[in-house]
Each structure stands twice: as structure tokens, then as C-alpha cells.
Amino acid sequence: MKHTLNIITSTLASSIRSWRGTSASKTSQAPAKTLMLFDREGCPRCRFVREALTELNLDVVIMPCPKGGKKIGQLKQETGYSEVPILIDENTHQKIQGAEAAVNYLFEEYRGKRPPKQLIANTLNQFASSMATGIRFSAGMLAKPSKGAEKKLTLYSFESSPFSRPVRELLCELELPYLLVTLGKQQKSDMGPANFRFTRKPYKPLANSKRDAFFKVHGNVQVPYLVDPNTQVALFESADILQYLNKTYAA
Ligand SMILES: N[C@@H](CCC(=O)N[C@@H](CS)C(=O)NCC(=O)O)C(=O)O
């Protein structure tokens, strides 16, 4: 029941944000060096940056900075700032503080255009994004006692995925850095759950895309999917992943 409520409220959170962070650009050229984001999953402004990353089809290393956690110190030390979001792009030696600046930068640098107005951190969008966090009872905001992890985990997800959000919240609360591989939807046939696509034809991702690479390994595309190099565990199913993270990393 608890997990069902998790998924219902997570679906509502995505609905409040009009499902931004669902579609992804068809361009799959990745920057030479992976971007890095000092992020707090429940922070309404950080959400705009993650929505932009999904829509631009860009992966990112997430450095979770929940309130009351130890990573805030690292944030100050590495960036000189104490407020999230902060985007680091080693390809251009840029360190960008604030959601609006980061979203503008990502669209201009990686697509040569202005971002859509729905991703701008204006009052209306910030209100909706705050409501999305509120409906999740502010999950992904505060640090939980954690054993920490030696190596970064990898999570396949897209921003609006209702099943992925609770996993990202817990990764944030436990202060576990991870590579976020964004698998936004690039065509109509990507729509729908993995086992019930809104198409009659056999599912085929866009050729040479990240989804295609995932499909070739797993025979389908489903998120969340977590890979933990610390324990050699790889898991589908949000409920199982949450249970695994709590068992392995909660102190
Ligand atoms: N029972 C799974 C359901 C996962 C699921 O349906 N995920 C959706 C995204 S929210 C998905 O992978 N859809 C297929 C796709 O995006 O291609 C879980 O709890 O993790």
C-alpha cells in the first residue's frame, strides 16, 4: 500500500509539472566529459535543471546535497557556493549557479537555442514545482543516516517517471552520488509502460540511441534500473530498488 501511494503521489507530482522531463531530443551526441549537478531531488528549482537534462537527452553525475547532510560541505569546498542547483561542465570549464542560469546554459550550449518557457524558473513554474514537492511530502529534501558508497551507482531514469522519482529521492536522502542516464521518450512508440506500449507493433527504439543500446542488452526498455558496482547488483522494479537501497545503505 505504501508503495502504491508513493506511485500515485509521484504521478500527481509529474502531472502538476505537465509531464515536463518526459520527451527527449533525438540527438544523441554526448559531451566528451559527463556533466555534474549538485542537486537536491525535492528542491523545486533543481527540478527544472533535471527536466532540461532529460529533454536535451543529456546524462549527468548527480551529487546529492540534502539538507542536514555532509555533502553540503563538499559543495562549498568544490564550488564556493552553498545553494543548489550548481551545474559543472568540464567541457567548457563552466560552473553555473541557479536553475534559470543552468537551464539557459544547457539549451544554448547544447542546442543553440533558448529553453521553452515552461522550464524557466519564474513564479508560476516555481509554484507548480513546489506543489510537486509538496505532494511528495517533501521527500528528497532531508539527509538520512547513511553508510555511504565507495563507487558511484548508475540509475536509468527520466525526470517525470513516477516509478523513478522515489528512487531518486532515496538516493538523495542517503547522499549516494550516481550517474543519471536519462532515457526520455524520443518517439510515439516509446510512450506507455514497458509491457503495455501505446502501439500494436513490436517495440523498437530509435536506432543508435541510448534506448536502443539498453534494449539490445535487456530486450526491453524499463526505468528505473539501478546498477551498483559496489555490490555487483543490478535491479529493475522501483519497490525492489527502494528496499535494496535501504537495506544496503541506510545506517
Ligand atoms: N513495475 C515497474 C514499472 C516501471 C515502469 O512502468 N516504468 C515506466 C516509466 S515510469 C517505463 O519504463 N516505461 C517504458 C519506457 O519508458 O520506455 C516499477 O515499479 O519499476
Residue match in the stretch 156-174 (condition: more than 12 Å from the chain's Cα centre (by Cα), more than 16 Å from the ligand (Cβ to nearest atom) and crowded, with 23+ Cβ neighbours inside 10 Å): yes
All positions within the stretch 220-240 that are buried (at least 21 other Cβ atoms within 10 Å of the Cβ), in contact with a helix residue (DSSP H, G or I) (Cβ under 6 Å, 6 or more places away or on another chain) and part of a strand (DSSP E or B): Leu226
Filtered residue count, the stretch 24-39, keeping only those that are modelled with pLDDT under 95 and either outside any loop (DSSP other than H, G, I, E, B) or within 14 Å of the ligand (Cβ to nearest atom) (or both): 0
Listing of helices (runs of 4 or more DSSP H) fully contained in the stretch 49-144 that carry 3 or more residues being surrounded by 18 or more Cβ atoms within 10 Å (Cβ to Cβ), modelled with pLDDT under 95 and in contact with a Cys (Cβ under 7 Å, 6 or more places away or on another chain): 71-79
Residue in the stretch 14-23 that is part of a helix (DSSP H, G or I), surrounded by 15 or more Cβ atoms within 10 Å (Cβ to Cβ) and modelled with pLDDT of 95 or more present: yes
Matching residues, the stretch 191-231, being within 14 Å of the ligand (Cβ to nearest atom) and modelled with pLDDT under 90: Gly192, Pro193, Ala194, Asn195, Phe196, Arg197, Phe198, Thr199, Pro202
Residues located in the stretch 241-251, provided they are more than 8 Å from the ligand (Cβ to nearest atom) and either in a helix (DSSP H, G or I) or surrounded by 14 or more Cβ atoms within 10 Å (Cβ to Cβ) (or both): Leu242, Gln243, Tyr244, Leu245, Asn246, Lys247, Thr248, Tyr249
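The values are calculated or read from the model by the stated rules, or taken from the named source; none is laboratory data. Remember, predicted model here, so these are calculated numbers, not experimental data. Cβ sites come from the backbone with ideal geometry, for glycine too, and all protein chains shown count toward neighbours.
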